[in-house]
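J.: Next up is a structure, given as structure tokens.
None of the figures in this text is laboratory data; all of them are computed from the coordinates on show. Because the structure is predicted, anything quoted here is derived from the model rather than measured. We place every Cβ from the backbone using ideal geometry, glycine too, and count neighbours over all the protein chains shown.
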Amino acid sequence: MAKKAPDIEEYKYGFRDEHKAVFQTGKGLTREIVTEISKIKNEPEWMLEFRLKSLEQFEKMPMPKWGGDLDELDFNDIQYYVRPSEKQGKTWEEVPSEIKETFDKLGIPEAEQKFLAGVSAQYESEVVYHNMQKDLEDQGVIFTDTDTALREHPEILREYFATVVPPSDNKFAALNSAVWSGGSFIYVPKGVKCEIPLQAYFRINSENMGQFERTLIIADEGSFVHYVEGCTAPIYSTNSLHSAVVEIICKKDARVRYTTIQNWAPNIYNLVTKRAVAEENATMEWVDGNIGSKLTMKYPAVLLKGRGAKGMVLSIAVAGKGQHQDAGAKMIHLAPDTTSTIVSKSISKHGGKVTYRGLASFGRNADGAKSNIKCDTLILDNESTSDTIPYNEIKTDNIVLEHEATVSKVSEDQLFYLMSRGLTEAEATQMIVMGFIEPFTKELPMEYAVEMNRLIKFEMEGSIG
Amino acid sequence: MATHFTIEGLKAEIEGKEILKGINLEMKGGEIHAIMGPNGTGKSTLASALMGHPKYEVTEGSVTLNGEDVLDMAVDERARAGLFLAMQYPSEITGVTNSDFLRSAINARREEGQEISLIRFIRQLETKMKELDMNPEFAHRYLNEGFSGGEKKRNEILQMMMIEPNIVVLDEIDSGLDIDALKIVASGVNAMRSEDRGFLIITHYQRLLNYVKPDFVHVMMQGRIVKSGGPELAERLEAEGYDWVKEELGIEDETVGQEA
């Protein structure tokens, strides 16, 4: 029986197109399907073995009992691989027209022209468009989809693949390892600084779709790259699953910033493993915005492995009706003088639920390490809730750990004050919310900050009873 | 149309306790009225109730601005109709700069597509801040966050100058100001005096009135205006205190809810 579409606040990216896939596996997950995915991609034997082993791992592991409610997630009701087109376009004209229209509506080609150095657009399971500015290519930067990387840069891929997030890490990492498809592969050579961001855009179009991109970024010594990803999907009455794995290697003195603006439709389970390794004096920054999805469980992590490495997670989570954002960060201090900063800003409204779940860990060698954690929650009404669940592991004496958490409501006096200057209740609430997330938006490139503000405004419209 | 603000028989309560017990007041554009009175007589409640603070419930009476029913309007509608309240304790809003806030407030009064240009706005803001001897950096500070008491008061006056309302209610704008700041605030008010703008200055000291000359002075006690007069009334209150008023009217305790 058809279920009613989830009763959600308006979601402006909820449209879908009628594009017909060229190949799909159908629902369900078996050894045969995994083998078929590997075969259709013409993968080397080691990758097929890796996939099949990961599948066994996935089947062995129990569903996590912590975090969000996964009871409605039915692994048999998901399509694990959908190939939208025969080949990848290097120009938008080469992309099938329905798909191109979808990305047009999402503003991707326009953004590419204006302020991006490279763009990758993934639709269902495959990257359908990919392009990068020539000067980056000339400097030896590799930015491609991960399938292409497996074909064209097999040595470097194999050296790092699954070294940061092994399949056994968690059930969803195992699942991704079995059925991964698409995602970005970036290699930045020694000393190369990519001043302009590279962007990937992930779009789910079909119902009951599973998207399992696999991203691997290697920033060689002294290099810099800013990678931005955005995600949207149509609204269906049934659930889809997005389960990515992102692995990042920041070599000595390198810096990587990874910005996510996740705005999935409210029927998507977003269960993502993101982890980076930071070597000596390297800096890893996760800027993580979670606005959409039904349930997000995501805790970007940094393994601070080299002396003086720095990690930062700056995140916002917005949970509306029927949404649960279970998000946070993990900072694993394994070397002396490593420092980490976590700033988490959560907003719940209309019965939404936000959870901050974080780990600050200091190993035996983390002498002189420092971590500063700040979690702020803004609750917009009485039906909405928030939780803060910090874990600390400390195995050495000489460290500094600061944790600060606040929960606030939009106060009557603040609203009165702003309204007494002529702002409507909606404008006033919006202004307070924007102010609350300002530490996040100010870290975004200008164009994204504008888009973010637009999104939040949109989210806040109709928030007032 | 000439500004005309009327309060008739206004009664208001907070959590079931009646604080305003029938206020009558008529103000026209160009006039400055001062409401004086000791603490606890309902002065600030009057200011908040006029602006529509949700804590106060108006139970009786009417308030009109140029014939329009103010009590029927939401807080923001009152503001856009021309009412302004400089608050005794302005809120702090993190992450919103003073200048962004002011620009939104100005644009809230304009039609879409008719927004004030950024250049014009900045020029105006800089000029007014200079008049108020405010550090230009305050434009980029978060709204009232970390402002001292005196800086908040100046910021309220700055908002008034930028928004250019018709009826200005100043609630204890002089409290916490040193004499220099008081003079600056007073000159800000004086600069805004005009034929189509009325002021209602709520204070319990006379000293502000040395710099802003009121046309009418009202004394508030027990939630009512008990005495009205000209500027000479304020001077007498300054010289002799409130006791003679209480004696004259047979009031023992001037605070609200203490009358027999």
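J.: Treating only the Cβ of Lys, Arg, Asp and Glu as charged (+1, +1, -1, -1), what charge dipole size does chain B show about its Cα centre? Round to the nearest 20 debye.
T.: For chain B, the charge dipole is close to 740 debye.
J.: Between region B:1-33 and region B:84-149, how far is it from one alpha carbon centroid to the other, in angstrom?
T.: One Cα centre to the other: 28 Å.
J.: Principal axes first, then extents: for the Cα atoms of region A:413-465, list largest minus smallest coordinate on each axis, whole Å, largest first.
T.: Extents along the principal axes: 33, 19, 14 Å.
J.: Can you give me the angle between helix B:98-107 and the longest principal axis of chain B, using Cα atoms only, in degrees from 0 to 90, rounded to the nearest 10?
T.: 80
J.: To the nearest Å, what is the center-to-center distance of region A:262-300 and region A:95-120, using C-alpha atoms only?
T.: 23
J.: Given charges of +1 on the Cβ of Lys and Arg and -1 on the Cβ of Asp and Glu, with all other atoms neutral, how large is the dipole of region A:336-424 about its Cα centre, in debye to the nearest 20?
T.: On the way: 10 positive and 12 negative charges, 47 e Å.
Around 220 debye, computed over region A:336-424.
J.: Out of all DSSP beta bridges with both ends in the protein assembly as shown, state the antiparallel percent to the nearest 5.
T.: Antiparallel bridges make up about 20 percent of those DSSP assigns within the protein assembly as shown.
J.: I would also like to ask the following. Using the Cα centre of the protein assembly as shown as origin and beta-carbon charges of +1 (Lys, Arg) and -1 (Asp, Glu), tell me which of A:Ile156, A:Leu55, A:Val272 is placed farthest towards the positive end of the dipole.
T.: After comparing all options, I get A:Ile156.
J.: Ok, one more. Please state the Cα pair-distance histogram of region B:211-252 with 10 angstrom bins from zero: what percent is in each bin?
T.: The calculated distribution, bin by bin, is 28, 58, 14, 1.
J.: Can you compute the modelled spin-label distance between A:Thr385 and B:Glu240, with each label point 7 Å from Cα toward Cβ, in nm?
T.: Label at A:Thr385, label at B:Glu240, 6.6 nm between them.
J.: So how tilted is helix B:179-192 from the main axis of chain B? Cα-based, degrees 0 to 90, rounded to 10.
T.: 80
J.: Another question about this same structure. Of the lysine pairs in chain B, how many meet both conditions: Cα atoms under 17 Å apart, and a spacing of 8 or more in sequence or different chains?
T.: 22
J.: Any of A:Lys27/A:Lys171; A:Lys251/A:Lys294; A:Lys27/A:Lys100; A:Lys53/A:Lys374 with alpha carbons more than 29 Å apart? Name them for me.
T.: Where the Cα-Cα span goes over 29 Å, the pairs concerned are A:Lys251/A:Lys294; A:Lys53/A:Lys374.
J.: Turning to a different aspect of this structure: Can you quote the Å³ per residue value for the convex hull of the Cα atoms in region A:275-355, rounded to an integer? Show your work: numbers first, answer last.
T.: Numbers: hull volume 4.8 nm³, N = 81.
Residue-normalised Cα hull volume stands at 59 Å³.
J.: For A:Leu70, project a label point 7 Å along Cα to C-beta. Then give me every residue of region A:288-314 with its amide nitrogen under 14 Å of that point.
T.: Zone members listed by number: A:295-299.
J.: If you don't mind, another one. Name the residue from A:Asn76, A:Phe103, A:Ser120 whose Cα lies farthest towards the positive end of the charge dipole of region A:51-128, charges +1 on Cβ of Lys and Arg and -1 on Cβ of Asp and Glu.
T.: Checked the options; the winner is A:Ser120.
J.: While we're looking at this one, here's another question. Hey, what's the per residue convex hull volume over the C-alpha atoms of region A:308-465, in cubic angstrom? Spell out each step's value before the answer.
T.: Values: hull volume 17.9 nm³, N = 158.
Hull volume normalised by residue count: 113 Å³.
J.: Right, something else. Looking at region A:23-298, send over the antiparallel percent of its DSSP beta bridges, to the nearest 5.
T.: 20
J.: Right, next: If you take the C-alpha gyration tensor of region B:4-249, multiply each eigenvalue by 5 and take the square root, what semi-axes do you get, largest first, in whole Å?
T.: So the equivalent ellipsoid measures 30, 21, 16 Å along its semi-axes.
J.: What list of ³J(HN,Hα) values in whole Hz, one per residue of region B:117-122 in order, does the Karplus curve 6.51 cos²θ - 1.76 cosθ + 1.60 (θ = phi - 60°) give from phi, with Gly and Pro shown as x?
T.: The phi angles translate into 6, 4, 4, 5, 4, 4 Hz.
J.: Quick check on chain B: of the DSSP beta bridges with both residues there, what percent are antiparallel, nearest 5%?
T.: Given both bridge residues lie in chain B, the antiparallel proportion sits at roughly 60 percent.
J.: Report the charge-dipole magnitude of the protein assembly as shown in Debye, nearest 20, computed about the Cα centre from +1 at each Lys and Arg Cβ and -1 at each Asp and Glu Cβ.
T.: Working: 81 positive and 114 negative charges, 389 e Å.
Its charge dipole is roughly 1880 debye.
J.: Here's something else I'd like to know. Show that you can apply the helix-only estimate: for the protein assembly as shown, add -39,500 (n - 2.57) for every DSSP H stretch of four or more residues, divide by all residues, and state [θ] at 222 nm to the nearest 500.
T.: -8000 deg cm²/dmol
J.: Over the residues of region A:83-219, compute the C-alpha Rg and express it relative to 2.2 N^0.38 Å.
T.: Values: Rg = 15.1 Å, N = 137, 2.2 N^0.38 = 14.3 Å.
Region A:83-219 yields a ratio of 1.06.
J.: Could you pull out the pairs from A:Lys370/A:Lys442; A:Lys60/A:Lys274; A:Lys349/A:Lys370; A:Lys305/A:Lys353; A:Lys193/A:Lys395 whose alpha carbons sit more than 29 Å apart here?
T.: From A:Lys370/A:Lys442; A:Lys60/A:Lys274; A:Lys349/A:Lys370; A:Lys305/A:Lys353; A:Lys193/A:Lys395, over 29 Å: A:Lys349/A:Lys370; A:Lys305/A:Lys353; A:Lys193/A:Lys395.
J.: So if I restrict to the alpha-carbon atoms in region B:24-127, what is the Rg, and what is Dmax, the biggest pairwise distance, in Å?
T.: 16.4, 47
J.: Project the alpha carbons of chain A onto their principal axes and report the range along each, largest first, in whole Å.
T.: Result, largest extent first: 65, 58, 46 Å.
J.: With a ≥ b ≥ c taken as the square roots of the eigenvalues of the C-alpha gyration tensor of region A:23-298, please select rounded if a/c is under 1.5 and otherwise prolate if a/b is larger than b/c or oblate if it is not?
T.: It comes out rounded by the Cα gyration axes.
J.: Which FRET efficiency value, to the nearest 0.05, is calculated for B:Glu115 and A:Glu49 with the Förster distance at 51 angstrom and r the Cβ-Cβ distance?
T.: 0.25
J.: With everything on Cα atoms, drop me the angle between helix B:149-163 and the longest principal axis of chain B, reported from 0 to 90° to the nearest 10.
T.: It works out to around 70 degrees.
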